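Computed from the coordinates by the stated procedures, all read-outs in this text should not be read as laboratory data. Keep in mind that this is a model prediction, so the values were computed, not measured. We place every Cβ from the backbone using ideal geometry, glycine too, and count neighbours over all the protein chains shown.
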Amino acid sequence: MSGRYLLDTNIIIALFADDTAVKENLAGAEETFVPSIAIGEMCYGARKSVRVQENLTRIDEFAASSVVLGCNSDTARRYGEIKNTLRMKGRPIPENDIWIAAIALRHDLTLVTRDAHFNEIESLKVATW
């Protein structure tokens, strides 16, 4: 399986948990990217954990070895479009997930996730690992 993928937070957590399916799919991926929002979500989770510093260090090492994509005005524009479309459909999803989808759309990436609510975003390419 080749392609260009953006990893959702739950996929990164699965990777940290040594999930075989995620590791096998990553091995076959052409390129993978990480949204800055996922780094933030993981840092929040680390700060709530028992092993705060150990988890933050692991996240920092992962981020340093990954291509992390952030937001710009084009991303913000896409965020607004996605959020409004979801509002009109009456199908809201979490705010951070809208930002992650906007990054995927901006860079024409397939979002890898285990969250079904991303399927509400019609123009978003989604893969489940």
(message) Taking R0 as 22 Å, what FRET efficiency do you get between His117 and Asn72 from their Cβ-Cβ distance, rounded to the nearest 0.05?
(response) 0.35
(request) Report, ordered by chain and residue number, the lysines lying within cross-link reach of Lys89, taken as a straight Cα distance under 23 Å and ignoring same-chain residues fewer than 8 apart. (result) Lys125
(message) With +1 on the Cβ of every Lys and Arg and -1 on the Cβ of every Asp and Glu, and nothing else charged, how large is the dipole of region 18-63 about its Cα centre, in debye rounded to the nearest 20?
(response) 340 debye
(message) Through the Karplus equation 6.51 cos²θ - 1.76 cosθ + 1.60, θ set to phi - 60°, convert the phi angles of region 52-61 into ³J(HN,Hα) values in whole Hz; use x for Gly and Pro.
(response) 4, 5, 4, 5, 4, 5, 4, 5, 4, 5
(request) Would you grab the residues whose amide H sits under 5 Å from the one on Phe33? Only those 5+ places off in sequence or on another chain, please, with H modelled 1.01 Å from N. (result) Tyr5, Leu6, Leu7
(request) Quickly rank 65-75, 118-128 as a protection proxy: mean count of other C-beta atoms within 10 Å, highest first. (result) 118-128, 65-75
(message) If the only charges are +1 at each Lys and Arg Cβ and -1 at each Asp and Glu Cβ, what is the size of the charge dipole of the chain around the Cα centre, to the nearest 20 debye?
(response) 420 debye
(message) Spelling out what I want: for every residue of region 97-111, take phi, set θ = phi - 60°, compute 6.51 cos²θ - 1.76 cosθ + 1.60 (Karplus), and round to whole Hz; glycine and proline get x.
(response) 5, 5, 5, 4, 4, 4, 5, 4, 5, 4, 9, 6, 10, 8, 7
(request) Arrange the peptides 108-114, 81-87 so that the one whose residues have, on average, the most other Cβ atoms within 10 Å appears first. (result) 108-114, 81-87
(request) Take the Cα of Glu30, step 7 Å along the line toward its Cβ, and report every residue of region 1-23 whose backbone nitrogen sits under 18 Å from that point. (result) 1-7
(request) Please work out the C-alpha center-to-center distance from region 80-129 to region 8-28 and express it in whole Å. (result) 20 Å
(message) I'd like the Karplus ³J(HN,Hα) series for region 15-27: coefficients 6.51, -1.76, 1.60, θ = phi - 60°, whole numbers in Hz, and an x wherever there's a Gly or Pro.
(response) 4, 4, 8, 6, 5, 4, 4, 5, 4, 5, 5, 4, 4
